[in-house]
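Novice: Sharing a structure with you now.
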Amino acid sequence: MTHDFVQNFPLFCIILTLFSGPTCMVLRGKWARYVNLGVISAVGIMSLAVLLDVCARGEAYVYMMGHFPAPWGNEIRVGPLEAFMALFFCIIMLLSMIGGMAQRLRKIEASKENLYYVMVNLLLSSLIALIYTNDLFTAYVFVEINTISACGMIMICQNGHTLEAAVRYMIMSLLGSGLLLLGICFLYGLTGHLLMSNIKEAVAALVATGTYHAPLMVSVGLMCVGLAIKSALFPFHSWLPDAYGYSTVSSAAILSSLVSKGYIFLLIKIFYRVIGFDIICGSKIINIFFVFGIAGMMFGSISAARESNIRRMIAFSSVAQIGYIYMGFGLGTAMGVLASIYHILSHAATKSLLFVSAAGLSESSADSRELPELTGAGYRNPSAGMAFTVGALSMVGFPLFSGFISKILFAQAAVNQSGKMLPTLIALALSTILNVIYFMRAVIVIYTPLRDIPAEKREGYRKIRMRTHPEITAVFACFVLLNLVLGLMSQPIVELCARGLDMFG
């Protein structure tokens, strides 16, 4: 394939996923499922081709839709970081959809199954668009598509818990979207542009002359707060435990691993490509992110340690992991941002594994999610038990796995920051101790023999062998392999992300 043809692939990915949604609407559930898996696979293959192409050329490129320049046309910007993130998102989504298939078929009414795949396709479309778009208002449009799709995925089961969780999610997301839109409108009024590169030039001129400083900072603050709310940064996380804890396992895995990361990736683009990272650091906004990031690490971990419901425990852990990412931003260095980007990868690969494996443990324990009733579940479902253990070790930061590399990168990024080094290292240490407390407690419970559990409480327990659901066992193996790759082959991945970040602005 020629370079000119491969350049079209990012746009093809967005269009394919966007139009596959309405296509699934008119198909039966079975065929909608095949279309969904086929679309995710096709987008992943095209993203891999784009990644190989931009890495071979060693430079990013801009694709003008319809070959019309701004302000009449729209632009896509593609570099190594964007292509790699699109590929990684497709891998996680594909594994999450396959891993949660058995439970999804049980919990979603057959007449509504195709609607679920409509939402998943639109969600993937919005994520790919947020990664590639070079236009700020286009990004906002896909933020709204992302919000509506995620809400539909939460409430698809239509029971009391999911409906309440969807309403809370929608309220908080609309608040975040409103603030984001206000910030974009203010910025447009100041600069007269919506294209990210043009905005950056105009903002640099405003900063150089010292004009409209206060309105500029207000617009930046509104966008940052809006995206922080949507990505569940503490204390804007109240919607998260129920949304992750009561939705289907595929929804929980995708929401925790990808949806919030799409918003965070857009925030990184605003830092580098819209405002300029030096200006962001000079505004002291990063100090606020630093404080709330550390607070989220502590509060999320403490809340997770107090939970007895395994799904809600994993959900509260996500609050802590989002805190890690914002703490990295708060360090105010390229190394800190790079550590946050790597943690996006680590968290996505690990948290989806935890949700899918926790569902397998519950399935062998009469569908219970309470830790005391999961006693011995690692013996009843060996593949889920081993997968959960790997995910737990990764979250703790055990060497060989991805979480260890993330924490090392955060520590390295903090070393040269005299005012922030000590708080960062203390927060990393305390968070790791808390991770050990609640994740290792869960691992100990699932591998505790059943002899101390009364016989009447064992009703509904059943043995699930690896051959019972071979596709789920394969998903566990792929997730574990992905964690090992991120943990053992981190250097080339870090270098790829660093090279992409250097081209980002």
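The values are calculated or read from the model by the stated rules, or taken from the named source; none is laboratory data. Being a predicted model, the structure only gives us computed values, none of them experimental. Using ideal geometry, Cβ is built from the backbone for each residue, glycine included, and neighbour counts are taken over all protein chains shown. All accessible areas refer to the heavy atoms of the entire protein, side chains included, with ligands and DNA or RNA removed. Shrake-Rupley method; radii C 1.70, N 1.55, O 1.52, S 1.80 Å.
Novice: Compute the accessible area per residue over the chain, keeping the other protein chains in place, probe 1.4 Å, unit Å².
Specialist: 36 Å²
Novice: Testing the spin-label approximation: label points 7 Å from Cα along Cα→Cβ at I433 and A366. State their distance in nm.
Specialist: About 3.8 nm, to one decimal.
Novice: Using the basic label-point model (7 angstrom from Cα toward the beta carbon), what is the N287 to F137 distance in nanometres?
Specialist: Output for this residue pair reads 3.6 nm.
Novice: Once the piece of chain linking H161 and I148 is laid out straight, how much longer is it, given 0.36 nm per residue of separation minus the C-alpha distance between them?
Specialist: On the way: separation 13, 0.36 × 13 = 4.68 nm, distance 1.80 nm.
Extra length from H161 to I148 when fully extended: 2.9 nm.
Novice: Related question: Using a Förster distance of 30 Å, how high is the FRET efficiency between M298 and A477, based on the Cβ-Cβ distance and rounded to 0.05?
Specialist: With R0 = 30 Å, the Cβ-Cβ based efficiency is 0.30.
Novice: Here is a further query. For region 49-191, just say rounded, prolate or oblate: build the C-alpha gyration tensor, square-root its eigenvalues into a ≥ b ≥ c, call rounded for a/c under 1.5, and beyond that prolate if a/b exceeds b/c, oblate if not.
Specialist: Values: a/c = 2.78, a/b = 1.40, b/c = 1.99.
Cα axes put region 49-191 in the oblate bin.
Novice: Kindly sort K284, K107 by accessible area of their heavy atoms, largest first, with the probe set to 1.4 Å.
Specialist: Result of the area sort, largest leading: K284, K107.
Novice: For V141, what accessible area in Å² do you get when you roll a 1.4 Å probe over the heavy atoms of the protein chains, rounding to the nearest 10?
Specialist: Approximately 60 Å² of V141 is accessible to the 1.4 Å probe.
Novice: Still on this structure, please answer the following. How many nm is it between the label spots at R441 and L422, if each spot is 7 Å from the Cα in line with the beta carbon?
Specialist: 3.1 nm
Novice: Could I ask something else about it? Quick one: give the max-minus-min coordinate of the C-alpha atoms of region 209-361 along each principal axis, largest first, in Å.
Specialist: Each principal axis gives a Cα extent; for region 209-361 these are 61, 24, 23 Å.
Novice: Angle check, please: helix 160-191 long axis (alpha carbons) against the longest principal axis of the chain (alpha carbons), in degrees 0 to 90, nearest 10.
Specialist: That works out to roughly 10 degrees.
Novice: On to the next question. What percentage of the solvent-accessible surface of the chain, computed with a 1.4 Å probe over protein heavy atoms, is contributed by carbon and sulfur atoms?
Specialist: Heavy-atom surface of the chain belonging to carbon and sulfur, 1.4 Å probe: 68 percent.
Novice: How far is helix 310-330 tilted off the main Cα axis of the chain, in degrees rounded to 10, range 0 to 90?
Specialist: Around 20 degrees separate the two axes.
Novice: Something else about it: Packing-wise, with mean Cβ within 10 Å as the measure, how do 120-128, 7-15 rank, highest first?
Specialist: Most protected by this proxy first, the peptides run 120-128, 7-15.
Novice: Per-residue HN-Hα couplings for region 373-379, Karplus 6.51 cos²θ - 1.76 cosθ + 1.60 at θ = phi - 60°, whole Hz, x for Gly and Pro?
Specialist: For region 373-379, the Karplus-derived couplings read 7, 8, 4, x, 5, x, 7 Hz, x marking Gly and Pro.
Novice: Something else about it: Full-extension gain between L52 and F398, please, as 0.36 nm times their residue separation minus the C-alpha to C-alpha distance.
Specialist: 121.4 nm
Novice: Defining a contact as two alpha carbons under 8 Å apart and six or more residues distant in sequence, what relative contact order in percent does the chain show?
Specialist: Computed over the chain, the figure is 14 percent.
Novice: What pairs from K30/K463; K261/K351; K230/K269; K30/K351 go past 23 Å between their alpha carbons? Show your work: numbers first, answer last.
Specialist: Details: K30/K463 28 Å; K261/K351 12 Å; K230/K269 16 Å; K30/K351 27 Å.
Check vs 23 Å cut-off fails for K30/K463; K30/K351.
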